[in-house]
Amino acid sequence: MEGRNCIRCGEFKLWEHFPHHKSFTSGHASACKACIQKRYVERNIVIQETNSALAASLDEVSKKGAEEILTNMGFELYNPENPVYLQFEERMRVKYGITLSK
Ligand SMILES: [Zn+2]
């Protein structure tokens with residue numbers, strides 16, 4: 001056998017169209033190079049969109065203020081008695097550099 005059917009596009013293609021992949025018994029990846037390339041591009045687009053959505057929400061935080069955003073999200077703010085709140089505040093401080101209490 002000189003090739004196989006690609007699992008993604010279903011086309012029969014010669015081995016040269018499949019990237020080498022030592023973890024597969026055939027020694028080749030199960031999707032053809034064209035499909036892998038396409039998938040890679042699509043995945044990058046998803047990652048970029050996720051990143052810009054995150055960046056946009058952080059912009060919003062700095063504009064409107066963390067308090068308003070977080071209240072809208074349903075978090076109970078400025079309650080130092082609440083261990084969940086303290087944990088949350090610590091996480092926001094470490095992760096995003098946002099300090100909730102003054
Ligand atoms: Zn394919």
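What follows draws every value from the coordinates through simple rules; no lab data is involved. Being a predicted model, the structure only gives us computed values, none of them experimental. Backbone-built Cβ (ideal geometry, glycine too); neighbour counts: all protein chains shown.
Odds and ends about this structure:
- Working ranking of peptides 85-98, 27-40 by packing, defined as the average number of other Cβ atoms within 10 Å per residue, highest first, is 27-40, 85-98.
- The aspartates and glutamates within cross-link reach of Lys95, meaning a Cα-to-Cα straight distance under 17 Å and a gap of 8 or more places when in the same chain, are Asp59, Glu60, Glu67.
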